[in-house]
Structures are given as structure tokens and as C-alpha cells.
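Taking it in order: structure first as C-alpha cells, then the write-up.
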Amino acid sequence: MTRPDPDRLLTPETLEALPADHVLLVDVGSPERYAEAHIPGAVLVTPAELVDGRPPASGRLPDTARLTQLFSRLGLSPQTKVVAYDDEGGGWAGRLLWTLDVIGHDNWAYLDGGIHAWQASGRPLEQTPNAPTPRQVNISIDHAPIAEAEDILAALAAGDADLVVWDARSAAEYRGERQAAARSGHIPGAINLDWLELMDRDRQLRLREDLAALLEARGITPDRLVVTHCQTHHRSGLTWLAARLLGYPRLKAYHGSWSEWGNRSDTPIQTGAEP
């Protein structure tokens with residue numbers, strides 16, 4: 001697929017055209033910004049609800065009890081179409097959508113450009129908070145979208161050329177010049193493509209129109225097993241989302257990310273630029 005799935009990557013126009021029944025519009029961000037302005041009808045999910053929060057790997061998936069609490073609060077049902085957006089180009093929205101994949105809820109979409117695209121289109125914002133109708137849900141975990149450190153370690157030990165690790169951090173973090181864990185650097189063989197490079201700053205942080213070509217040029221190709229990560233699987237929420245929208249068939253996110261890998265003593269690390 002050379003273009004993102006239009007049923008999943010929405011514009012303000014296509015979002016507005018969706019039937020209101022069974023659509024749950026979710027603003028993923030801070031309570032303060034939500035109170036200032038949000039898209040009419042949107043409910044709030046905070047980043048803290050999407051992560052475990054315990055150091056050192058604070059970005060790992062929350063346990064089943066917390067996920068059950070979150071999606072019960074949101075009133076999620078199999079018929080619910082979840083549309084997520086944020087104000088930062090898709091990191092936190094992507095993290096929510098990855099979480100939906102993890103619990104087996106495939107009925108979702110992303111508003112490209114988030115609140116910035118909506119506002120630039122001349123559509124209104126509101127300050128009134130919205131509360132979803134809660135509904136008790138039963139959560140089960142699908143491990144297919146999840147990569148663990150042990151998965152990557154095993155692939156590295158086997159010399160598995162099928163694996164490509166997509167490091168969504170900055171080049172300075174990747175090279176080991178900026179340290180945010182006990183050890184700095186990158187997973188051996190990882191490809192560095194900063195999440196910020198996926199955003200078009202001239203189009204309200206929408207995904208770049210040449211997204212597929214960009215990934216192909218960097219060696220992040222759909223014929224390989226792609227595992228993406230950052231520091232806490234926040235920035236890689238967007239990189240996971242980008243590949244998912246392009247239909248990459250074997251795609252995982254390493255939720256422990258560098259906060260886990262860089263704080264372990266048994267994980268191999270490289271420093272410097274890509275060869």
C-alpha cells in the first residue's frame with residue numbers, strides 16, 4: 001500500500017461525515033489542554049491511563065485491571081468506532097490505537113493532524129467536558145502487536161535478517177550522545193527514523209504525503225518484521241501508527257522501549273551513527 005488506509009486516516013471532512021451512532025471521539029492529552037479547547041463531543045483520555053507508570057520502564061502496557069477500568073469508563077463495545085486525535089502529531093493518539101489493537105478492538109481511526117487540522121479547517125471547538133456512558137467490558141490481551149526485550153534478544157542472537165528495529169528517537173539519543181537511561185546508544189542494527197520526520201509542519205502536523213516512500217528509502221519495508229520503539233513507547237505510538245496505516249502485515253511495538261533496554265545490564269548496545 002502506497003497510501004494510508006482512508007478508512008483509518010480521517011480528514012476533518014470525513015470525520016464530520018461519520019454517523020454519530022457508535023462513534024467515540026477521543027482526545028488524548030492533558031486535562032488542562034482539554035479544558036481549554038477540544039473537538040465537540042470528544043472525551044478525554046490522559047497519557048497516564050495508557051502506560052504502566054512504574055520505573056524504569058514506565059511506558060509498558062498497564063495491567064489488565066487498569067485497561068478494563070479505562071475501557072469500561074469509555075463504554076467500549078464491539079460496535080464502537082474509536083476515533084483518536086491529539087495536539088502533537090499523533091504520538092499519544094497512536095499509543096491509544098495500539099492499545100486498542102492489543103485488546104483486539106480493530107474498529108478505529110485517526111484524525112490526521114489532530115486538533116490543529118480540525119481548527120485550521122474552520123470548524124468549531126468547545127470547552128464543555130463530555131462524559132462517555134460507562135459499560136463493563138472484559139479485556140483480553142492479544143500479544144501479536146507487542147514486542148518484548150526477549151523477542152529482540154532472540155532475533156539478534158539468531159542473526160535474524162528479517163527483523164528491522166525502527167528507533168523513533170532523536171539522532172542524538174540513537175548515537176548515544178544524549179543519555180536518558182543507565183546506558184545510552186541503540187539496539188544493534190536498529191534504523192533511526194525520528195518520529196518528527198513523519199510530520200508535515202506545513203499541513204498542521206499531518207502525516208507526510210510521501211510516507212510510504214520515506215519508510216522504503218530507510219529500509220523499513222513491509223516485507224520484514226518491523227518492531228518500533230522510542231524511550232517509553234510514546235513517540236513510537238506515531239511510528240507504529242504510520243506503518244499500521246500503510247498496511248504493514250508484521251508490525252509490533254516494543255513497549256519497554258529504551259527505558260527498559262538501556263536500564264538492563266544484559267542487553268547489547270551500539271553507539272554512533274548508522275553504518
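The values are calculated or read from the model by the stated rules, or taken from the named source; none is laboratory data. All values reported here derive from a predicted model rather than from experimental measurement. Here Cβ is always computed from backbone atoms with ideal geometry, including for glycine, and neighbour counts include all displayed protein chains.
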> List the pairs whose first member sits in the stretch 184-198 and is farther than 30 Å from Gly113 by Cβ, whose second member is surrounded by 21 or more Cβ atoms within 10 Å (Cβ to Cβ) and of a type in the set (A, V, I, L, M), and whose Cβ atoms are under 6 Å apart, counting only residues at least 6 apart or on separate chains?
Replying inline: Ile187/Val165
> In the list Pro188, Pro275, Pro268, which residue meets the criterion of being surrounded by fewer than 24 Cβ atoms within 10 Å (Cβ to Cβ), assigned by TED's automatic domain parsing to the domain that holds Asp151 and not charged (D, E, K, R)?
Replying inline: Pro188
>> Could you go through the stretch 84-92 and let me know if any residue there is in contact with a Lys or Arg (Cβ under 8 Å, 6 or more places away or on another chain), acidic (Asp, Glu) and in contact (Cβ under 8 Å) with a residue 60 or more places away in the chain.
In response: no
>> So Val164 ticks every box in (1) buried (at least 16 other Cβ atoms within 10 Å of the Cβ); (2) closer than 26 Å to Gly89 by Cα; (3) touching a helix residue (DSSP H, G or I) at 6+ places or on another chain (Cβ under 6 Å); (4) not assigned by TED's automatic domain parsing to the domain that holds Leu70 but one. Which box is left unticked?
In response: (3)
